[in-house]
Structures are given as C-alpha cells and as structure tokens.
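J.: Please find one structure pasted underneath; my questions will follow.
The values are calculated or read from the model by the stated rules, or taken from the named source; none is laboratory data. Predicted, not measured: the structure shown is a model, and the values here were computed from it. Backbone-built Cβ (ideal geometry, glycine too); neighbour counts: all protein chains shown. Quick note on the areas: whole protein, heavy atoms, side chains included, nothing else; ligands and nucleic acids left out. Shrake-Rupley method; radii C 1.70, N 1.55, O 1.52, S 1.80 Å.
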Amino acid sequence: MISSPEWLHDKQLRLARKNTFDGALVLGTSNFNKSTGRVTKPINPFQKYIDPDTGLIRTDIIRPRNCPVCGEAPGQGLFIKDGFRHVRCPSCDLIYVSLILREDIMVQYWREEIAWMGVLQSGPQVDMDRLKFTYGLDVASSLCGIENPGSLLDVGAGTGTFVRIAKEAGWKTTALEFNIASAESLEREGYRVIVKPLELADLPPASFDLITLWEILEHVAEPQLILRNVSKLLTPSGILLILVPNAGSLVTRILHEKSNTFGGHSHLNHFNVTSLKYLLETNGFEILETETLLTELGTINNYLDYQDPYLGDAKPFFDSLTPEIIHDRLWGSRLLVLSKKKEASKPNEDDFHDSPDSFDPSF
Ligand SMILES: [Zn+2]
C-alpha cells in the first residue's frame with residue numbers, strides 16, 4: 001500500500017493545494033479568462049440552425065431523450081440556451097438538454113471540433129491544468145492501493161496534458177480520443193491512442209487500474225453506457241475518477257443560464273452530487289471521495305456587481321465567502337468524485353500480481 005501523503009488528510013494543506021490551480025483566484029478572473037483566450041471563443045456553431053419563430057434548434061437535426069441517468073420523462077423546463085431546452089429531472093435531479101443533436105451530427109462535430117484547442121493549449125491554462133491533473137492523480141494513486149503505478153485509461157484525452165503527467169508519473173497510459181486533430185497529435189507523441197468511442201474500443205475486460213473521465217460525462221448522450229463500459233474495463237479493485245461541471249455550485253446556482261457551463265450543443269448533462277451518485281450506484285460503484293475544485297468567486301462577485309461575470313474586475317461582495325467555505329459546502333464549480341466497484345473484494349498483493357487475467361498494456 002502507498003502510505004497516504006500528509007496533505008491528503010490535512011484540510012488546510014489540501015485546500016492550499018487546490019487554490020494553486022484555481023486560475024481565476026491566482027491570476028484574477030478577467031485576467032485568467034483573457035490570457036487563456038476565452039474572450040475570443042467562437043459563438044454557438046449551431047446558431048444558424050435556430051428557428052427564429054420558436055427560438056429553438058430546427059427539429060430535423062435533433063432527437064428527443066428522457067433523463068439519461070434514471071430514464072424519467074423530461075421534467076420541469078428551466079430555460080432555453082443557444083436554442084436548446086434545458087430541463088430538470090424530478091427523480092434524480094439531473095439538469096439536462098432534452099432535445100439533443102442527431103447522433104451523426106454530434107459525432108462529426110466532435111471529430112472535427114478544434115475551437116477549444118487554443119484555450120486548452122494556452123500557457124496559463126496548461127500551467128493550471130498540470131497542477132489540477134497532478135492533484136487528481138495523487139488523490140487517485142493514494143486510493144489505488146498498489147505499490148507502483150499500474151495501467152491507466154484516459155477517456156477523452158483531448159490535447160493530452162493529463163496522459164503526459166500520468167506517463168511521467170510511471171503509469172502505463174492508454175488515451176481514448178476520437179477528435180481527429182487531438183488523436184493525431186497524441187499519436188505523433190508516441191502515445192497509444194484508441195480513436196473510437198469507448199463502447200466500440202474493444203479493450204480487454206478488467207485491464208485498467210485507473211480510468212479517468214476528466215470533463216467527459218457532461219458531453220455524452222448516454223452516460224449510463226459509458227459507466228457500464230468503464231465498469232467492465234476496471235480491475236476489481238480499480239479506481240474511477242470523474243470530474244464534471246457542478247450544477248450544484250454556487251456560481252451556477254446564481255448565474256443559471258448566464259453561466260458559460262450551459263450551451264446545449266456540447267454540454268448535454270449537468271450533474272450535481274445527487275445525480276452523479278445515482279449514476280455511479282446504478283452501475284455498482286461506491287463513492288470513496290467527493291470534493292469540489294475551482295471556486296469561481298470572482299465570477300460571482302462580478303455578477304453581483306452588475307459587471308460581465310467573466311470579464312469584470314469587481315471587489316469581493318461577501319468578505320466572508322472564502323474558498324474554504326465554498327469547498328466545505330461542495331459549492332465549487334467542478335465536482336471531483338473517486339469511486340470503485342462495490343463488488344470489489346480486496347485482493348492481496350500476490351493475487352494481484354500473479355492473476356492470469358491481469359492485462360499488461362506495455363505499449
Ligand atoms: Zn433522472
């Protein structure tokens with residue numbers, strides 16, 4: 001077993017470490033958003049498909065769906081953003097887009113989308129992401145309970161910042177990415193890349209000690225399908241790391257549709273603690289750690305001061321609202337959850353290393 005690092009169990013040390021990669025706290029909200037290029041991001045690429053009479057995306061390019069977590073029929077309508085209707089599930093509390101783009105259109109969009117690459121590859125974003133990914137990997141590693149880093153699958157590897165860090169830390173990494181430009185870039189760097197959706201990846205069962213879903217579940221039409229496949233691919237004692245935008249965050253509760261997290265062509269599902277727990281438990285997972293990252297305190301202050309939430313420069317409105325309070329209440333803008341399969345019986349060290357079923361992805 002890895003001995004748990006001191007910071008993992010010390011609340012103040014852990015908070016201090018989280019604050020180092022909260023870009024808006026470190027650099028200021030306006031400065032961080034400008035320096036990462038967020039001010040120049042393109043408008044909704046599906047704007048031209050909005051019917052001016054209804055304000056909704058044209059019916060010939062969308063498909064209906066029930067709640068993708070619990071299957072309930074669409075519940076309370078919340079708002080329309082960029083032509084997409086956002087609803088709240090009365091059963092599991094998921095906020096989701098009930099009429100999403102047709103599958104062929106969505107697949108083509110993700111294969112060809114490059115608009116966010118500039119943001120993800122900007123200097124300040126890479127600096128913050130490296131610290132954030134290292135933090136997540138450290139938390140996951142301490143829970144894996146194995147002496148050495150094992151095999152890791154990063155689903156939706158994007159521009160590859162996380163797999164680079166994981167490889168540097170000694171993990172045997174596999175990246176799953178079907179965006180053409182990202183996949184080609186990762187392949188050029190020598191990573192093993194599966195250029196397919198997870199359900200078509202044809203990977204050996206029980207072959208990964210750690211599977212990571214960094215900001216993936218908000219984008220997929222069928223999160224239940226992802227979880228079923230992840231469950232098959234994890235070793236019995238394997239760890240699943242999930243990071244999603246937090247619909248229960250303070251910033252999202254205040255801004256509602258004005259929050260940049262809502263945009264129906266790519267963010268289809270908005271989880272909170274309740275709905276993510278439901279998704280995990282219905283797939284046989286038990287939760288080991290739940291915490292939030294990124295405060296967006298500056299965004300909140302800007303909005304309360306009638307400024308642009310993302311480009312304003314307001315002074316703090318509530319002096320008493322601190323990063324500690326935000327994260328204590330799970331009000332941060334990202335939800336980080338680590339879990340493992342319930343049926344996992346803890347193998348002893350010998351069983352683990354000698355198992356004939358264990359797959360050694362020495363790529
Ligand atoms: Zn539901």
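J.: Going by the structure shown, is T274 open to solvent by less than 50 Å² (accessible area, probe 1.4 Å) and either among the polar types (S, T, N, Q) or in a helix (DSSP H, G or I) (or both)?
T.: no
J.: Picking from I105, I114, which residue would you name as being in contact with a helix residue (DSSP H, G or I) (Cβ under 9 Å, 6 or more places away or on another chain), over 22 Å from K18 (Cβ atoms) and open to solvent by less than 40 Å² (accessible area, probe 1.4 Å)?
T.: I105
J.: Quick one: count up the residues across the stretch 69-109 that are within 16 Å of the ligand (Cβ to nearest atom), in a loop (DSSP other than H, G, I, E, B) and closer than 14 Å to L268 by Cβ.
T.: The qualifying residues number 5.
J.: Restricting attention to the stretch 87-102, which residues are aliphatic (A, V, I, L, M) and surrounded by fewer than 19 Cβ atoms within 10 Å (Cβ to Cβ)?
T.: Correct list: L99 only.
J.: Scan the stretch 200-219 for residues that are buried (at least 20 other Cβ atoms within 10 Å of the Cβ) and closer than 19 Å to T274 by Cβ and report the count.
T.: Adding up the residues that qualify gives 2.
J.: Go through the stretch 24-68 and report how many residues are part of a helix (DSSP H, G or I), without any contact (Cβ under 8 Å) to a residue 60 or more places away in the chain and crowded, with 17+ Cβ neighbours inside 10 Å.
T.: 1
J.: Looking only at the stretch 238-260, count every residue that is surrounded by fewer than 20 Cβ atoms within 10 Å (Cβ to Cβ) and either at positive phi or not in a helix (DSSP H, G or I) (or both) and tell me the total.
T.: Total satisfying the criteria: 2.
J.: Please state which one of I226, I254 is over 28 Å from R102 (Cβ atoms) and touching a helix residue (DSSP H, G or I) at 6+ places or on another chain (Cβ under 9 Å).
T.: Selected residue: I254, the only one of I226, I254 that is over 28 Å from R102 (Cβ atoms) and touching a helix residue (DSSP H, G or I) at 6+ places or on another chain (Cβ under 9 Å).
J.: Here are some residues: N283, N301. Which one is open to solvent by 10 Å² or more (accessible area, probe 1.4 Å) and within 16 Å of the ligand (Cβ to nearest atom)?
T.: Answer to the check: N283.
J.: While we're on this one: Going through the stretch 191-211 one residue at a time, which ones are closer than 12 Å to S231 by Cβ and touching a strand residue (DSSP E or B) at 6+ places or on another chain (Cβ under 8 Å)?
T.: Across the stretch 191-211, the qualifying residues are L198, A206, F208, I211.
J.: Quick test of your reading of the structure: A115 fulfils all but one of (1) assigned to a loop (DSSP other than H, G, I, E, B); (2) more than 16 Å from the ligand (Cβ to nearest atom); (3) farther than 28 Å from G160 by Cα. Name the failing condition by number.
T.: Just one mismatch for A115, condition (3).
J.: Shifting gears a bit: Search the stretch 14-23 for residues being part of a helix (DSSP H, G or I) and within 21 Å of the chain's Cα centre (by Cα), and hand back the single one that is nearest to V97 (Cα to Cα).
T.: Among those residues, the one meeting the criterion is G23.
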